[in-house]
1. Mind checking whether some residue in the range 174-181 is touching a Ser or Thr at 6+ places or on another chain (Cβ under 8 Å) and open to solvent by less than 10 Å² (accessible area, probe 1.4 Å)?
2. Based on what the data block shows, is Gly238 touching a His at 6+ places or on another chain (Cβ under 7 Å) and either of a type outside the set (Val, Ile, Thr) or within 30 Å of Phe337 (Cα to Cα) (or both)?
3. Please go through the range 333-342 and pick out each residue that is within 14 Å of Lys59 (Cβ to Cβ) and either in contact with a strand residue (DSSP E or B) (Cβ under 7 Å, 6 or more places away or on another chain) or assigned to a helix (DSSP H, G or I) (or both).
4. Take the residues of the range 135-158 that are hydrophobic (A, V, I, L, M, F, W, C) and open to solvent by 10 Å² or more (accessible area, probe 1.4 Å): which is nearest to the chain's Cα centre (by Cα)?
5. Which of the numbered conditions does Phe62 fail, given that it passes all the others? Conditions: (1) in a helix (DSSP H, G or I); (2) within 23 Å of Arg152 (Cα to Cα); (3) within 14 Å of the chain's Cα centre (by Cα).
6. Given (1) small (Gly, Ala, Ser); (2) crowded, with 18+ Cβ neighbours inside 10 Å; (3) at positive phi, identify the lone condition not met by Ser47.
7. For residues that are part of a helix (DSSP H, G or I) and surrounded by fewer than 21 Cβ atoms within 10 Å (Cβ to Cβ), tally how many sit in the range 26-40.
Amino acid sequence: MSTHPIDIFGAGIFGLSVAWTLLRRGQRVRLHDPYPGIAASRGLVGSLSPHVPENWNEKKEFQFQSLDVAASMWRDVFEISGQDPGYARTGRFQPIGDDAALALAKDRAVSAAELWRGRYTWSVIPADDAGLSSPSGWLIHDDLTARLHPRRAVDALHAAVMALGAEIGSGQATKGATQVWATGAAGLRALSADFGREVGTGIKGQAALLDYDMRDAPQIFVDGLHVIPHCDGTTAVGSTTEREFSDANSTDQQLDALIEKAREALPALRGATVLERWADLRPRARSRAPMLGAHPNRPGVYIANGAFKIGFGMAPKAGAVMADLILDGTNNIPNSFTVDANL
């Protein structure tokens, strides 16, 4: 193993999670990022939610394992940093639209019992029990889903890696050192130029933060909309998915429509003040899964990118498999997550 610190370029959720695992395994780390935890990792939403428990594949299994260990990781981050990341496994409600969707939800309750190892439940409950409306009168409730406060989480994780001894880099790679490229949407553009083909791109998202306190309540997911209660007494709603846009950081009528949709789903939000409107690019790899692994053309260089909308949920496991590969040469990365899968 090299005596140099491992150079990590990018201190968003993926870069910090790789740094966290490497440091916990006794490795020296140097972070190269003048603004840790900005851009996509400094959003508002923070939903750590699973894919539906059916048609199981390596991506869903990877995500399940990551969500399963997230509580332990964020507890340790809190203890080491002294900063609360806002993590809690508060669960999720999903209104059920009609009889066909109700039958499907009940089937998924059965498959979840097996696929989630009996550790978590996916159940169908009367909407009245939760005080919510639903076209069918029924809701899905799962207790695997968690939430965190994205900004508090990246600040806490950054503080934790610094407490564990991470060094601050100048932006210039250390000669002979292993490198990890975790540079988000800008990094995907650079990789596309490097490979001579598009391997990913930035997808714009807009979200809002409302002054409404339901901090211990389950989050709500309806027709692509997330309503996330946070630990500080605010509620986030998001987000849009925009492939075409003129300004990555501006908000517009699409967010207005999203806020109104949230208020229709949860009428209590109608009187809540909008505290913040947010927009930025989220890095989506071509495969739609995270892009993890060794750079095929640059020895000693590794890639951790493509977090997109599931980065916080995937981060604990992503950091672990990257550390396994870098330190031990053990490849536990799903085939669909590899760099080659995006070429």
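1. Initial filter on the range 174-181 (touching a Ser or Thr at 6+ places or on another chain (Cβ under 8 Å)): 176-178.
From the residues that got through so far, the ones that are open to solvent by less than 10 Å² (accessible area, probe 1.4 Å) too are none.
Within the range 174-181 (the criterion being touching a Ser or Thr at 6+ places or on another chain (Cβ under 8 Å) and open to solvent by less than 10 Å² (accessible area, probe 1.4 Å)), the answer is no, since none of the residues qualifies.
2. For Gly238, the condition - touching a His at 6+ places or on another chain (Cβ under 7 Å) and either of a type outside the set (Val, Ile, Thr) or within 30 Å of Phe337 (Cα to Cα) (or both) - is met.
3. From the range 333-342, those within 14 Å of Lys59 (Cβ to Cβ) are 333-338, 341-342; that's our starting set.
Ile333, Asn335, Ser336, Phe337, Thr338, Ala341, Asn342 - these are the residues of the range 333-342 that are within 14 Å of Lys59 (Cβ to Cβ) and either in contact with a strand residue (DSSP E or B) (Cβ under 7 Å, 6 or more places away or on another chain) or assigned to a helix (DSSP H, G or I) (or both).
4. Of the residues in the range 135-158, the ones hydrophobic (A, V, I, L, M, F, W, C) are 138-140, 144, 146, 148, 153-154, 156-157.
Of the ones still in play, those that are also open to solvent by 10 Å² or more (accessible area, probe 1.4 Å) are 138, 140.
On the way: Trp138: 28, Ile140: 22 Å.
Selected residue: Ile140.
5. (2)
6. (3)
7. At the first step, the residues of the range 26-40 found to be part of a helix (DSSP H, G or I) are 39-40.
Right, trim to surrounded by fewer than 21 Cβ atoms within 10 Å (Cβ to Cβ) and you get 39.
Residues flagged as part of a helix (DSSP H, G or I) and surrounded by fewer than 21 Cβ atoms within 10 Å (Cβ to Cβ) within the range 26-40 amount to 1.
Matching residues to (1) open to solvent by less than 40 Å² (accessible area, probe 1.4 Å); (2) of a type in the set (S, T, N, Q); (3) assigned to a loop (DSSP other than H, G, I, E, B):
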{"site": "Ala304", "(1), (2), (3)": "yes, no, no"}
{"site": "Lys309", "(1), (2), (3)": "no, no, yes"}
{"site": "Gly313", "(1), (2), (3)": "yes, no, no"}
{"site": "Pro316", "(1), (2), (3)": "yes, no, no"}
{"site": "Gly319", "(1), (2), (3)": "yes, no, no"}
{"site": "Asp324", "(1), (2), (3)": "yes, no, no"}
{"site": "Leu327", "(1), (2), (3)": "yes, no, no"}
{"site": "Asn331", "(1), (2), (3)": "no, yes, yes"}
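The values are calculated or read from the model by the stated rules, or taken from the named source; none is laboratory data. No experiment lies behind these values; they were computed from the predicted model shown. Heads up, the Cβs are rebuilt from the backbone with ideal geometry, glycines too, and the neighbour counts pull from every protein chain shown. Note: accessible area is taken over every heavy atom of the protein model, side chains too, but ligands, DNA and RNA are not part of it. Shrake-Rupley method; radii C 1.70, N 1.55, O 1.52, S 1.80 Å.
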